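Here's the structure we're looking at; comments come further down.
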């Protein structure tokens with residue numbers, strides 16, 4: 001039984017990870033404020049991460065053509081990279097919190113809850129039979 005629980009838990013976690021990778025509109029479309037917040041965070045993250053490579057190339061070119069001191073521009077680019085990754089993580093965390101609070105329905109969470117309820121009922125039946 002323990003292996004079955006672990007297996008089902010693993011399946012639910014994989015399904016939840018997949019749900020977080022689908023377009024945000026599919027998860028939070030019924031909550032406009034939540035959608036706006038998640039969309040903003042995703043857009044910020046994508047923009048920041050999308051500008052990193054061109055800016056690194058520009059800083060490298062400036063360092064080789066103008067002055068080696070231009071290589072110092074890589075320092076704020078690292079901060080930009082971190083902020084971009086943090087924004088994307090914040091968007092996922094916002095969705096997870098909305099699911100936890102019941103603001104958004106999640107098929108993976110619902111499926112796992114259904115499985116738990118079915119097994120609780122099965123356990124109750126078995127315990128009644130053993131108790132006779």
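Using the structure shown, decide if residue 99 is in a loop (DSSP other than H, G, I, E, B) and surrounded by 15 or more Cβ atoms within 10 Å (Cβ to Cβ).
Details: in a loop (DSSP other than H, G, I, E, B): no; surrounded by 15 or more Cβ atoms within 10 Å (Cβ to Cβ): yes.
No: the conditions fail for residue 99.
Residue under question is residue 37, and the condition is that it be at pLDDT 70 or above and within 16 Å of residue 87 (Cβ to Cβ); does it hold? Don't jump to the end; show me each part of the working.
Numbers: at pLDDT 70 or above: yes; within 16 Å of residue 87 (Cβ to Cβ): yes.
So residue 37 fits the description; yes.
The values are calculated or read from the model by the stated rules, or taken from the named source; none is laboratory data. Source: prediction; values computed, not measured. Heads up, the Cβs are rebuilt from the backbone with ideal geometry, glycines too, and the neighbour counts pull from every protein chain shown.
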